[in-house]
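What follows is a short report on a single structure.
The values are calculated or read from the model by the stated rules, or taken from the named source; none is laboratory data. For clarity, every value in this text was computed on a predicted model and none was experimentally measured. Here Cβ is always computed from backbone atoms with ideal geometry, including for glycine, and neighbour counts include all displayed protein chains.
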Amino acid sequence: MNIKKDFGLRIKELRTKKGITQYQLAEQVGIDPKHMSHIETGRSFPKADLIERFANVLNVEYTEFFKTQHLQNRTYTLNKINDILENASDKDLNKILKLILCLIN
């Protein structure tokens, strides 16, 4: 578990759900967009007053940012899928795409 990365993923999830861009959220809470990016990628962790501003803009209780259990398995799964895709040949990538499309359609 990495609190900074989990927090960043959760902020991104809630921001996306609200339908606003990273730039828009940064602007609304009064921080530099680069700092916003660092928070979402887990390179920075916000102070308490910034967490409160995020909560106000995203219209959630601040405790929502720490509900990250559901992200654990997803992150692991996405990392594994990315590893497979990065090492796959072009031929295999096409097969994988066809398989995914069959599964979700």
| said: Would you confirm, using the coordinates I've provided, whether GLU61 is of a type outside the set (Gly, Ala, Ser) and touching a helix residue (DSSP H, G or I) at 6+ places or on another chain (Cβ under 7 Å)? | reply: yes
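Taking the conditions exactly as written (outside the structural domain of THR75 (by TED's automatic domain parsing), of a type in the set (A, V, I, L, M, F, W, C) and touching a residue at least 40 places away in the same chain (Cβ under 8 Å)), does VAL29 satisfy them or not?
Details: outside the structural domain of THR75 (by TED's automatic domain parsing): yes; of a type in the set (A, V, I, L, M, F, W, C): yes; touching a residue at least 40 places away in the same chain (Cβ under 8 Å): no.
Judged against the criteria, VAL29 is not a match.
Can you name every residue in the range 47-63 that is outside any helix (DSSP H, G or I) and in contact (Cβ under 8 Å) with a residue 24 or more places away in the chain?
Filtering the range 47-63 down to residues outside any helix (DSSP H, G or I) leaves 47, 59-61.
Within the range 47-63, ASN59, VAL60 qualify.
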| Residue satisfying condition, being out of contact with any Lys or Arg (no Cβ under 9 Å at 6 or more places or on another chain), more than 20 Å from GLY8 (Cβ to Cβ), in a helix (DSSP H, G or I) and not hydrophobic (A, V, I, L, M, F, W, C), within set LYS91, LYS80 | LYS91
